[in-house]
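Beneath this line is the structure, given in structure tokens, with notes to follow.
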Amino acid sequence: MNILIITSGTIGSGKSSLTTLIAENLGTKAFYESVDDNPVLPLFYSNPEQYAFLLQIFFLNTRFASIKQALKDDNNVLDRSIYEDSLFFHMNAEMGRATPTEVEVYDKLLNNMLEEITMAAPKKAPDLLIHIEVSLDTMLKRIQKRGRDYEQLSYDGSLYDYYKELNSRYVKWYDDYDYSPKMKIDGDRYDFMESLEDRAAVLAQIKTKLKELGRI
């Protein structure tokens, strides 16, 4: 079996847990987003206006490297991908955290990277996007549970509006996504991080979709 799956979802939706679950059950290699070892992320939360552009370039570079390797090797699952990248940066730019010049530089760089993927990679796109949709309440509970200090509302109360806006934007992002087949997981209904029953149900949905696509 040679498949490339990408996961998507807002902060705290459970992408890393789902990525691990898929990798373990389908025998794929997992690529994880650089978060705990990201030197720029804490700086961003302490001063978003100064570090938004630097943070997004850091993420863009790591996501570009991951998707290139995954498309080359095949049989992988990625915890977030380059296709999701602009959602974060454009939202921050609209909040006044990036200059028009930074937006122009970012957009041109991202477009060049996406063209490179399409032209040079052995496989041109993922086989399936699995999007985890959660409510704002679930998002906030999971952010609190995983306990990164700089993500907590107690650290910065203005994060509530940021999280609310980010979560709402994912609705349109998922609707507009057209790089590959896609499916949605109800992250409020299925707590696949804690419940074995929910974990089995989510895996069954994913396998059904992959069978429909002729990938397994």
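Values in this text are rule-based calculations from the coordinates and carry no lab data. Just so it is clear, the model here is predicted, and its values are computed rather than measured. FYI the Cβ positions are ideal-geometry reconstructions off the backbone, even for glycines, and counts take in every protein chain you see.
Using 0.36 nm per residue of separation minus the Cα-Cα distance, give me the extension gain between Thr99 and Asn75 in nm, one decimal.
On the way: separation 24, 0.36 × 24 = 8.64 nm, distance 3.88 nm.
Value of the extension gain: 4.8 nm.
On average, how much area does the Cα convex hull of region 126-186 cover when viewed from any direction, in nm²?
Working: hull surface 19.1 nm².
Across all orientations, region 126-186 yields a mean hull projection of 4.8 nm².
Mind telling me which of Asn38, Asn92, Asn76 comes out most flexible in a GNM of the chain, alpha-carbon contacts under 10 Å?
Comparing Asn38, Asn92, Asn76 in the GNM, the peak value goes to Asn38.
Counting other C-beta atoms within 10 Å, which of Arg80, Arg63 has the fewest, and how do the rest follow?
On the way: Arg80 25, Arg63 22.
Arranged by neighbour count, lowest to highest, Arg80, Arg63 become Arg63, Arg80.
With N residues in the chain, what two-decimal value do you get for its Cα radius of gyration over 2.2 N^0.38 Å?
On the way: Rg = 17.0 Å, N = 216, 2.2 N^0.38 = 17.0 Å.
That ratio works out to 1.00.
Asp37 versus Gln50, label points 7 Å from Cα toward the beta carbon: distance in nm?
Between Asp37 and Gln50, the label points sit 2.6 nm apart.
Are there DSSP H segments in the chain that both extend 20 Å or more along their axis (alpha-carbon positions) and score a mean Kyte-Doolittle hydropathy of at least -0.5? List them, or say none. Don't skip to the answer; put the middle values down first.
Numbers: long enough: 48-73 (37 Å, 0.12); 100-120 (30 Å, -0.13); 159-176 (26 Å, -1.46); 196-212 (24 Å, -0.32).
Those that pass (Cα extent of 20 Å or more, hydropathy at least -0.5) are 48-73, 100-120, 196-212.
Ignoring everything except DSSP H segments at least 4 long, calculate the 222 nm mean residue ellipticity for the chain; use -39,500 (n - 2.57) per segment, divide by total residues, nearest 500. Working shown, then result.
Working: 8 runs with 121 residues, N = 216.
Computed ellipticity for the chain at 222 nm equals -18500 deg cm²/dmol.
Roughly speaking, what is the centre-to-centre gap between region 180-216 and region 18-67 when only Cα atoms are used, to the nearest Å?
Centre-to-centre (Cα) distance: 23 Å.
Check the straight Cα-Cα distances from Lys124 and name the aspartates and glutamates below 15 Å, setting aside those fewer than 8 residues away within the same chain.
Partners within reach: Asp73, Asp74, Glu115, Glu116, Asp178.
Going by how many other beta carbons lie within 10 Å of each one, how would you line up Val202, Val35, fewest first?
Working: Val202 24, Val35 14.
Final ranking by Cβ density, sparse to dense: Val35, Val202.
Mind sorting Asp149, Asp186 by how few other Cβ atoms lie within 10 Å of their own Cβ, fewest first? Don't skip to the end; give the middle numbers.
Details: Asp149 9, Asp186 14.
Lowest count first: Asp149, Asp186.
Roughly what percent of Cα-Cα pairs across region 1-121 reach past 18 Å?
On the way: 3961 of 7260 pairs.
Percentage above 18 Å: 55.
Can you give me the relative contact order of region 4-212 as a percent, contacts being Cα pairs under 8 Å and 6 or more apart? Display every interim value, and only then the final one.
Working: 265 pairs, mean separation 59.8, N = 209.
That works out to 29 percent.
For a Förster distance of 41 Å, can you work out the FRET efficiency between the beta-carbons of Asn2 and Ala200, rounded to the nearest 0.05? Walk me through the intermediate numbers first.
On the way: r = 24 Å, r/R0 = 0.59.
Between Asn2 and Ala200 the formula returns 0.95.
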